[in-house]
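Colleague: Quick one: structure below, then a few questions.
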Amino acid sequence: MAEFEFKSWMNDVQQRMETCLSASLPAETHLPERLHDAMRYSVLDGGKRVRPLLAFAAGMVVDADPERLQYVAAAVEMIHAYSLVHDDMPAMDNDVLRRGKPTVHVAFGEATALLAGDALQAQAFDVLSGHMLADAPADQLKMVSLLARASGSLGMCGGQGVDLYSVGKELTLPELELMHILKTGALIRCAVLLGSYCGKPLVDDDRARLDTYAKCIGLAFQVVDDILDCEADSVTLGKTAGKDAANNKPTYVSLLGLSGAREKAADLKAEALAALAPFGDRAAALMALAEFIVERRS
Ligand code: GRG
């Protein structure tokens, strides 16, 4: 396989995303300034941009135009940012640190944080529907529907609901898995699928292969998140570390132990990579991202 320069590819995508996200958000000078300031604070200058990277990497499989991919990626990242803003609020996780900065409700107040999250969600759909992102209009409609599903009560919000309603309960491994498949996995899976609609048509089998990759990598992301929560410090993570154990929350580490959780992440990575085999070099970025997600330290 030809050498793939992952680091420089990642830097290029991250820089491109910063520009696109900034241009896709209302200016902080636009009325109401405080709300727009909070939206930009939530989204810009922070985060690993894993979901945009996944959308771009999936786009490489279908030779998609980066102009299209950036808007797909921006829409997904805005949904992600809104979920973090709301998750950090006192009614949910009640956290004060995110991406190395005070959380949005700490910096702007609860009412503005609530509005900023709501407005980011609307902005995501404006971006996804406001540019021509697929050759066939039916595909673009499908993309809007995929993002809505992944974000709503059958996806991320549903997973967050399961999480909230499980406080104080013991979860089995399949229950924990279902919660994460919805809460974190749905949006990650959506990022890959949306990227795959931006380029040349894919046969159903190939789309299913990408979907298998995305499901495995979404779950692996969460397993690693659980490992980092108990192994890394808050400065490295840019968010409060050790919260799962402090809150007596069921995690992959609490259910499988540290080495069991590491093994689980490695198995999921192997399954994700196996699904990509038929794509050859076109999947180089997806392969490198699987490595990055499982081996990350923050
Ligand atoms: C409030 C509707 C609603 C949903 C919240 C995703 C989520 C659902 C809450 C986030 C809580 C959390 C810390 C989940 C663990 C996995 C996760 C999504 C971590 C944060 O994502 P990263 O690591 O963050 O991609 P960056 O900052 O790099 O973008």
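The values are calculated or read from the model by the stated rules, or taken from the named source; none is laboratory data. Predicted, not measured: the structure shown is a model, and the values here were computed from it. Quick reminder, even Gly has a Cβ in these numbers, built from the backbone with ideal geometry, and neighbours come from all protein chains shown. For accessibility, only protein heavy atoms count, side chains too; no ligands or nucleic acids. Shrake-Rupley method; radii C 1.70, N 1.55, O 1.52, S 1.80 Å.
Colleague: Can you pull out the residues in the range 116-135 that are open to solvent by 40 Å² or more (accessible area, probe 1.4 Å) and either more than 25 Å from residue 35 (Cβ to Cβ) or of a type in the set (Ser, Thr, Tyr) (or both)?
Modeller: We begin by selecting, within the range 116-135, every residue open to solvent by 40 Å² or more (accessible area, probe 1.4 Å); these are 118, 121-122, 125-126, 129-132, 135.
Those that are open to solvent by 40 Å² or more (accessible area, probe 1.4 Å) and either more than 25 Å from residue 35 (Cβ to Cβ) or of a type in the set (Ser, Thr, Tyr) (or both): 129, 132, 135.
Colleague: If I ask for residues that are surrounded by 17 or more Cβ atoms within 10 Å (Cβ to Cβ) and basic (Lys, Arg), which ones from the range 255-298 would you list?
Modeller: 262, 264, 269, listed by residue number.
Colleague: May I pose another question? How many residues does the range 168-192 hold that are open to solvent by 10 Å² or more (accessible area, probe 1.4 Å), within 14 Å of the ligand (Cβ to nearest atom) and β-branched (Val, Ile, Thr)?
Modeller: Total satisfying the criteria: 2.
Colleague: Counting only residues that are under 18 Å from residue 199 (Cβ atoms), give me the helices (runs of 4 or more DSSP H) lying completely in the range 1-111 with at least 2 of them.
Modeller: Values: elements: 6-24, 33-43, 50-61, 66-87, 104-108.
Ranges flagged: 6-24, 50-61, 66-87.
Colleague: Could you run through the range 149-162 and say how many residues are in a helix (DSSP H, G or I), surrounded by 17 or more Cβ atoms within 10 Å (Cβ to Cβ) and among the small types (Gly, Ala, Ser)?
Modeller: Within the range 149-162, residues that are in a helix (DSSP H, G or I), surrounded by 17 or more Cβ atoms within 10 Å (Cβ to Cβ) and among the small types (Gly, Ala, Ser) number 4.
Colleague: If you don't mind, there's one more thing I want to ask. Residue under question is residue 23, and the condition is that it be within 13 Å of the ligand (Cβ to nearest atom), open to solvent by 40 Å² or more (accessible area, probe 1.4 Å) and without any contact (Cβ under 8 Å) to a residue 12 or more places away in the chain; does it hold?
Modeller: Here the answer is no, as residue 23 does not meet what is asked.
Colleague: Now for a separate question. Which residue, of 104, 96, is surrounded by 18 or more Cβ atoms within 10 Å (Cβ to Cβ) and either within 20 Å of residue 183 (Cβ to Cβ) or more than 9 Å from the ligand (Cβ to nearest atom) (or both)?
Modeller: 104
Colleague: To continue, here is another question. Need the failing condition index for residue 81 against (1) farther than 17 Å from residue 243 by Cα; (2) more than 9 Å from the ligand (Cβ to nearest atom); (3) open to solvent by less than 30 Å² (accessible area, probe 1.4 Å), just the number.
Modeller: (2)
Colleague: Among the numbered criteria (1) closer than 21 Å to residue 187 by Cβ; (2) modelled with pLDDT of 95 or more; (3) over 20 Å from the mean Cα position of the chain (by Cα); (4) not acidic (Asp, Glu), which single criterion is violated by residue 274?
Modeller: The one condition residue 274 does not meet is (1).
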